[in-house]
């Protein structure tokens, strides 16, 4: 019996040693914020103090305003193609959410959806926006429709792009499963995320051949912004809240865009949104995945532009109060 215990003890010691070696090998420091700002900011980048954070945002073009909200692990860059296409006719506002991009972590460590909705209200108020179109992808889509439920008078039109909100019906990517385990999540705040970034992007895109080295570098380096890895773990560890019953209260012109090859949120959820939101229009892109606006900016923005033009048409007299 003592011999067996000795063998087991040695085996455990070897496993712990290998784990320690792996952690040391994969240990990765954060990248300096000024270095990231120089690399991933540009002439349109601005910073505004909101809720104790220096929020990275871009405000481009003129015309009817539209606010674009990115998803988990992403940044305002995911909307580059839409911004280029819309800024000639619209005022396009986008920003890095707390916990992501150059904005970095929320000092309160609060990443609940309600807190994100408050954040969007505070940013848009600070930028002088009081009635605008609102588009969001994934987590950003969930924030967008929750914002529209709470502030219907502020939202002229709503665009949901592979939006979150319904209970998960598919197995989440590895990075989300790891992030929900407290001990592992703490380690992830210090380990090199490159492999996880690559594997997640491959699952995110409908056609992985569209993933470029520059795209991987952007996601990878912004994940190394001080505090972002810990914030990701805090966000994924939160319990799920199903508020989708509120969707039936929405009375906002709504366009639902979805990639049929989305392996993170199934296309069946798109139909659920279309059913639950009165009068919503649904458009599915057969060859795209979870971030269709990034994977095929030209094809997706063309559909969004047509919808926005309709939603910005003058309202009938009885609806304007004239």
For region 33-312, what is the Kirkwood hydrodynamic radius in Å, using each pair of distinct C-alpha atoms?
-> 18.6 Å
Compute the distance in nm between two label points, each set 7 Å from the Cα along the Cα-to-Cβ direction, one at residue 44 and one at residue 271.
-> 3.7 nm
Taking the Cα-to-Cβ direction at residue 248 and at residue 283 and moving 7 Å from each Cα, how far apart do the two end points lie in nm?
-> 2.9 nm
Solvent-free Debye scattering, log10 I(q)/I(0), computed from the Cα coordinates of region 197-322 at q = 0.11, 0.15, 0.16, 0.20 Å⁻¹ = -0.55, -0.93, -1.01, -1.22
In nanometres, the difference between 0.36 nm per residue of separation and the alpha-carbon distance of residue 238 and residue 131 is 35.4 nm
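FYI, it's all coordinate maths here, none of it is from the lab. Model, not experiment: these values are computed from the prediction. Neighbour counts run over all protein chains shown; Cβ positions are idealised from the backbone, glycine included.
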